[in-house]
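The values are calculated or read from the model by the stated rules, or taken from the named source; none is laboratory data. Here the structure is a predicted model, which means the values were calculated and not measured. Heads up, the Cβs are rebuilt from the backbone with ideal geometry, glycines too, and the neighbour counts pull from every protein chain shown.
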Amino acid sequence: MKFSLCVLIAVAASSADAFMAPKAPAVRTSLNVASLENTRVLKVPVLDEVCETTGVTLKRYMNEVAMLNPELTELTVLFGAIDTACKAITNMVKRSQLPSSETLGYQGEVNIQGEDQKKLDVITNEVLKRALRFTGKMGVLASEEEDVPLDLVNTEKDAIFADTGKYVAVFDPLDGSSNVDAGIPTGTIIGIYDHDENCAMDDESCEGDECAQQELNCLSNTLQAGTNLVAAAYCLYSSSTFFVLTLGAGTYGFTLDENLGEFVLSDPNMKIPETSSIMSFNEANTHMWDEPLQKVVKGWRDGTGKSGQQFSSRYIGSMVGDVHRTLLYGGVFGYPGDTKNVNGKLRLLYEGAPMSFIMEQAGGISTTGTKRVMEIQPEYVHQRVPIIMGSKNDIEEVMEAYAAAE
């Protein structure tokens, strides 16, 4: 086994302003078509003991992954940028309660989902765009706060889309931001896909609608099922700052050591308990859920479910916070569809798929009740999806209830 000492170097915290930049231009074409229907078979990365050693920094971990898996070398640059962006965001979140920060409250704009944007939504979105753009590895980017996928390479006013990056990034810059004024945990969710290297723009010969269609075909790289994810991660801003990632070979948790300014491995190869007695739903909506789910949840509350245990309720209202607790302690997190929101409220592309990838790699299950979330092909960028994820045995009980109802 190769092993070298991890040299931990204290680094000065970077100013958040270093990541602020003017908005990159949005593409000119609305994206609402299904594409990339064929799921690719992705190679599972090889890891060794260095990647299981607590105290190893995220940077050292990614370098080890790159040495063992040369095809993933460029991911080290990408995760280096995400690492720095999360550190900048955690400082902004921590300082947001101070009057001098001027980051609380609403921006005065509405995003594509019709939601009022918090100031921190806009700021953190710019931080991540800036960080990812300068890696030189991005082809397309899709964010909750952007109407359509963005071109991070061409920033000239009249530039058309050009593909120069290897990866596609999808993210929710500040999940749970509606609660940030109250100091409730928030987080960042990121998914990474391969970009179609055959996608190219013939900017010399195409004109008008023809260019728009070529551009649309390239940008459809964002519309991939979760089974095509190369990597996924979330950063939780809470009592500590936690960074949890998967490259398709297990789920690994890091904690920010603020004395060193580095994320260090604290939870190698995380495994969610197969059975638990914790559920995390907005139970005020119970009466609007599907009947199979209502019956299962009632059984859990009464202690008459499959496990015979009486469940307790733990609900934060921030997906990253609820999923993180579920990973550590087991249980079920869900935002199901109901009569008011038939498809739920969570977004498939940059919330559902990345978090499902992380959950599955930790031994859990993520489903709509009838379908595996990871296998759902997005038809448009901001598509919503019902989600129930968590401990294997508990989620199987939900799936069995839906199957019986059919």
* Asked: What are the pairs, 6+ residues apart or on separate chains, where a residue within segment 74-97 that is free of Cβ contacts under 8 Å to residues at least 24 places away in the same chain has its Cβ under 6 Å from a residue that is surrounded by fewer than 23 Cβ atoms within 10 Å (Cβ to Cβ) and among the small types (Gly, Ala, Ser)?
  -> Thr76/Ala66; Arg95/Ser101
* Inside segment 330-344, can you point out the residues that are surrounded by 19 or more Cβ atoms within 10 Å (Cβ to Cβ) and assigned to a loop (DSSP other than H, G, I, E, B)? -> Gly330, Gly331, Pro336, Gly337, Asp338, Gly344
* Structure fact -> Considering residues that are of a type outside the set (D, E, K, R), modelled with pLDDT of 95 or more and out of contact with any helix residue (DSSP H, G or I) (no Cβ under 6 Å at 6 or more places or on another chain), the number found within segment 381-406 is 7
* Asked: Within segment 325-335, is there a residue that is of a type outside the set (S, T, N, Q) and over 17 Å from Gly390 (Cβ atoms)?
  -> no
* Asked: List, please: which pairs have Cβ atoms under 9 Å, are six or more places apart or on different chains, and start with a residue in segment 330-356 that is within 13 Å of Asn285 (Cα to Cα) and not assigned by TED's automatic domain parsing to the domain that holds Glu396 and end with one that is small (Gly, Ala, Ser) and modelled with pLDDT of 95 or more?
  -> none
* Which of (1) part of a helix (DSSP H, G or I); (2) among the hydroxyl-bearing types (Ser, Thr, Tyr); (3) touching a strand residue (DSSP E or B) at 6+ places or on another chain (Cβ under 8 Å) is the odd one out, the single condition Ser266 does not satisfy? -> (1)
* Considering segment 388-406 alone, what residues qualify as being farther than 14 Å from Glu274 by Cβ and among the acidic types (Asp, Glu)? -> Glu400, Glu406
* Pick from Ile190, Ile184: which is under 19 Å from Cys86 (Cβ atoms), part of a strand (DSSP E or B) and either at pLDDT below 85 or aliphatic (A, V, I, L, M) (or both)? -> Ile190
